[in-house]
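The structure appears below as structure tokens.
The values are calculated or read from the model by the stated rules, or taken from the named source; none is laboratory data. What you see is a predicted model; the values in this text were computed from it and never measured. Neighbour counts are summed over all protein chains in view; Cβ atoms, including those assigned to glycine, are modelled from backbone coordinates with ideal geometry. Calculation scope for accessible area: heavy atoms of the full protein, side chains included, ligands and nucleic acids excluded. Shrake-Rupley method; radii C 1.70, N 1.55, O 1.52, S 1.80 Å.
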Amino acid sequence: MATHRKVSPTPPYQATPPQPRTPAVRSLRNRPQSEKDKAPTRSKYFEWSEEAECTRNHLAQDEDPRLGKIEDYMCVEVDEDGRDKYEASMGSKARGNKRKPGIALQKAGKQSKKARPAIGQTLEGSPSGDSGIEYRDNMIHPNTMAFLKELGEHNNRSWFSENEMLYRKAKQDFDSFIEKLSQKIIEEVDTTVPELPLKDLVFRIYRDIRFSNDQTPYKIYFSAAWSRTGRKGPYAHYYMQIQPYGKSMIGGGIWHADAQPLALLRRAISKRPGLLKQILLTDGIAKGFLDIKGHVDEQRVVESFIARNSEDALKTAPKGFPKDHPEIALLRLRSFTVGRHLTDDEVSNSGFLNKAVDLLSGIEPLITYLNSIVMPDMNMDTSDDTSSEGSNTNP
């Protein structure tokens, strides 16, 4: 017999009455234009207005006049028709953004520091006050020389960082001149010099102070060098240095030669010293770099060349050569260079480019001679003794 369990009645279900939904707040960016026009133009995070407020943000106005006032943690750029172009990151506490106020102004200031003067543009606020002189690629601007003077008096990182904009302008002025001079060297001076980018020609202004007693971090001059491999490599170089107070210089050769090319040079001088002397007797070197006045005498020319390279010369005869060798003074040398100093007026003159080309053309025979010994071409016969003069002693 089936049994039935008595079930208690279930209380009637009482549904919760529907609550009115709060409309979602849409950002101003996603609203239609009609709602944007009605939206307030001021909030606790930001505000923007027209040119009156832009004038108070001089850095931002220089970079972009449409950039509005920066307050608290938000930056808004507004297009000409009034629509939001973009919204910078807002530092709301909910997102945990810790960005500092005025971050856009800081970026605008950094970008303005990177601006470089174009050729023909004058430099405003220059330390020398010569802003009326145009920048040209055939000379070094007086403002560049003024910057190098200031750098010599304040050679430290803090001053350099504060005046980085002046450094960039001076560097651009020097680079423009080097670009123009490089074209002249390739076309008129030495066809063996290839066309290379500036980074392979211009030396960095930062000094290597790891093993130096002089701990100043920067060079107080600009410099560049040209060879078949640029400013580096085993070949003889053309060299230029721009430095105030009459210390600018143009020259060339091989400075402090390594052991292997130095041995080749000494052997060539020992066998055929007349070749080197004949080159030193040319007017381009004797009168242009060795300061020989009047009649060009071989003994005076050779003595002047030796005196200019005696700083790192050996005190005794090199290994393998007798002490009484007729050319012992030349054989003791470790550097084979010529150079000439230039005044500040010569460097900042509009004829400086042509003057530099003439001086470098004068030392082209010496560069070619040195390269023929340390790095001879495959089709160059260096064993011909038809022009040999003086001693033929072999080491």
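For region 263-317, the fraction of C-alpha pairs more than 17 angstrom apart is 42%. Applying the criteria of a DSSP loop state and at most 10 other Cβ atoms within 10 Å to the trypsin sites (Lys or Arg not before Pro) of region 233-301 yields Lys293. To the nearest Å, what is the center-to-center distance of region 183-215 and region 271-300, using C-alpha atoms only? Computed from Cα coordinates, the inter-centre distance equals 27 Å.
Quick note on region 218-361: its Rg to Rh ratio, both from C-alpha atoms and Rh being the Kirkwood radius, is 0.99. Sorted from longest to shortest, the spans of the Cα atoms of region 203-260 along the three principal axes equal 32, 28, 16 Å.
Remark: the Asp258-Ser158 segment gains 32.2 nm on full extension, using 0.36 nm per residue and subtracting the alpha carbon distance. Determine the shape class of region 143-241: with a ≥ b ≥ c the square roots of the Cα gyration tensor eigenvalues, call it rounded for a/c under 1.5, and otherwise prolate if a/b is greater than b/c, oblate otherwise. The shape class here is oblate. When nucleic acids and ligands are ignored and a 1.4 Å probe is applied, Glu303 ends up with an accessible area of around 100 Å². Size of region 287-327 from its Cα atoms: along the principal axes, largest to smallest, the extents are 37, 20, 10 Å. The magnitude of the dipole of region 132-177, with charges of +1 and -1 set on the Cβ of Lys/Arg and Asp/Glu and taken from the Cα centre, is near 60 debye.
Over region 301-354, the ratio between the Cα radius of gyration and 2.2 N^0.38 Å evaluates to 1.67. Pairs with C-alpha atoms separated by more than 31 Å, drawn from the list Lys277/Lys323; Lys247/Lys277; Lys171/Lys355; Lys199/Lys287, are Lys199/Lys287. Would you work out the relative contact order for region 187-296, in percent, from Cα pairs under 8 angstrom that are 6 or more residues apart? It comes to 15 percent, rounded to a whole number.
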